[in-house]
Amino acid sequence: MDILVVGGGGREHAICRSLSQSKQAGKIYCAPGNAGIANVAECVDIGVFDFDALTAFALQKGIGLAVIGPDDPLAGGIVDAFEAKKIPVFGPRANAAEIEGSKAFMKDLLKKYEIPTAAYETFDDYEKALAYLRLQKAPIVVKTDGLAAGKGVTVAQTLEEAEKALHDAMVGGSFGSAGSKVVIEEFMAGEEMSILAFVDGETVRAMPAAQDHKPIFDGDQGPNTGGMGTYSPLPHIDPAIIERAIEEIVKPTAKAMVSEGRHFTGILFAGLMIEADGTPRTVEFNARFGDPETQVVLPRLQSDLLEIFLAAVNGTLDQVEIEWSDEAAVCVVLASEGYPAAYPKGKVITGIEAAEQNGGLVFHAGTARSEAGELVTAGGRVLGVVGQGAGIAEARDAAYAATEYIRFEGAYKRSDIAAKALK
Ligand code: AMP
Ligand code: GLY
């Protein structure tokens, strides 16, 4: 079966790699892909929002399954577009992807179905939002309603900082229309974890938990990024807490979506906060694989990813075999200097082969080929370097050792990925 993967980051590289190991997989195409994805799939130069060209390509090639990676085309109805052309597609329709596309929708859903999350208020009027904010205590969280590349959230330590975030979003237009509506939310203290699950309606098959590192600097300092590193499993978190999160948050949410007439098929990704007493509460829901969570979770999958996707699309997700390796995986992101603010592109990258020969698994996030054919940087997050091993310490050492082989001007990485698991 020939497959079309839509997207072009580290997540899609990990998806394409796992699909390429499937017994049933024929040719794999990736639109638009990147320089690393080109090693496991044929990259097609079509943008993720060009639904007409994507569906025409899929029909022309007789694609048996399309798999959608990123959030924005999902929110924009890409799955509906494929379904309209009768092309099998793995991902949620627009009305289900709204769980990620609108934080106000997600919060209202959780409130209605009494699923644990932080207290909040939603505003589309700046003066009202400001008046409300001035009555609150810091720390407090200000979130744009719409998608903002993972950067629309400010965890403010002071009310002044929160007021600035509110002003930037609602008056300054820093996030365009995504910021015309905001959610102001109670701050939750604790440890974060991500649970991704294959979902079809009320059938939820959770993957092993992972943890991301969103802030740019060591010790979780500085502005949030798309994610600077991940690891899986989480040996320092009681499995009963993970189980509780699946039973009390992920499954009830999938069921709530069905009750609302928004049957969810695809990857439901819960961002969770585990409070000091072990209670998991919801930070956010995403309607897709996490990036870079996927880079540590999928290498641990021992079953056939294509079979799982097809089972979800065909209504047999409850029956398919899904086995995971006990081995740990740690992903260290190499980013461009300046990210998550402005950064240069076009820096020559060397050493990936050496990193791979020395135990690293390298996923390309933002890479391209220059006119001269050299591998160059083309994004803020450039590479995700994964190490594997019997436990987190071994996997982390393998990941960091592999990064030492890779060079590009201004390369930046956090030095404390997975440290929380080893305390
Ligand atoms: P989100 O995009 O909603 O996942 O938010 C990005 C990051 O902001 C999360 O991963 C958390 O680290 C942090 N965050 C979001 N909401 C809260 C909250 N209510 N309390 C504490 N931290 C939060
Ligand atoms: N790594 C967080 C995300 O994919 O949203």
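Roughly speaking, what is the centre-to-centre gap between segment 138-174 and segment 222-247 when only Cα atoms are used, to the nearest Å?
Result: 24 Å between the Cα centres.
Report the relative contact order of the chain, percent, no decimals, based on alpha-carbon pairs under 8 angstrom and at least 6 residues apart.
Reported relative contact order: 16 percent.
Suppose all protein chains stay in the model; what accessible area per residue would a 1.4 Å probe give for the chain, in Å²?
Spelled out: the 1.4 Å probe surface of the chain, per residue, equals 40 Å².
Please state the relative contact order of segment 63-150 as a whole percent: Cα pairs under 8 Å, 6+ residues apart?
25 percent
So how strong a dipole does segment 238-286 carry about its Cα centre when Lys and Arg Cβ are +1 and Asp and Glu Cβ are -1, to the nearest 20 debye?
Dipole of segment 238-286, to the nearest 20 debye: 260 debye.
In Å, the Kirkwood hydrodynamic radius of the chain over pairs of distinct alpha carbons?
In the chain this quantity evaluates to 21.7 Å.
Could you tell me which of the pairs 107/143; 151/255; 107/214; 151/214; 107/251; 61/86 are separated by over 18 angstrom between their Cα atoms in the structure shown?
Among 107/143; 151/255; 107/214; 151/214; 107/251; 61/86, the Cα-Cα distance tops 18 Å for 151/255; 107/214.
Across segment 273-423, what fraction of all alpha-carbon pairs, as a whole percent, falls in each successive 10 Å bin from zero upward?
Taking all Cα pairs of segment 273-423, the binned fractions are 10, 31, 33, 21, 5, 0 percent.
Charges only on Cβ, +1 for Lys and Arg, -1 for Asp and Glu: so what's the dipole of the chain about the Cα centre, in debye to the nearest 20?
For this selection, approximately 400 debye.
Which net charge results when you count Lys and Arg as +1 and Asp and Glu as -1 among the other residues whose beta-carbon is under 15 Å from that of residue 307?
Computed value for this residue: -3.
As a test of the formula, what do you get for the chain when each DSSP H run with n ≥ 4 contributes -39,500 (n - 2.57) and the sum is divided by the residue count, at 222 nm and rounded to the nearest 500 deg cm²/dmol?
Taken over the chain, the calculation gives -8000 deg cm²/dmol.
Quick one, what does Rg over Rh come out to for segment 244-289 if you take C-alpha atoms and the Kirkwood Rh?
1.00
When the chain is modelled as a GNM with alpha-carbon springs shorter than 10 Å, which of 358, 224, 286 fluctuates the most?
Ranking 358, 224, 286 by mean-square fluctuation puts 358 first.
So if I take the centroid of the Cα atoms in segment 337-363 and the same for segment 104-133, what is the distance between those two points in Å?
For segment 337-363 versus segment 104-133, the Cα centre distance is 39 Å.
Strictly greater than 18 Å: what percent of every Cα pair in segment 1-84 meets that?
33 percent
How would 106, 170 rank on accessible area, largest to smallest, probe 1.4 Å?
Largest accessible area first, the list is 170, 106.
The values are calculated or read from the model by the stated rules, or taken from the named source; none is laboratory data. It should be emphasised that the depicted structure is a prediction, and the values quoted were computed from it without experimental measurement. Cβ sites come from the backbone with ideal geometry, for glycine too, and all protein chains shown count toward neighbours. Heavy atoms of the whole protein, side chains included, go into the accessibility calculation; ligands, DNA and RNA do not. Shrake-Rupley method; radii C 1.70, N 1.55, O 1.52, S 1.80 Å.
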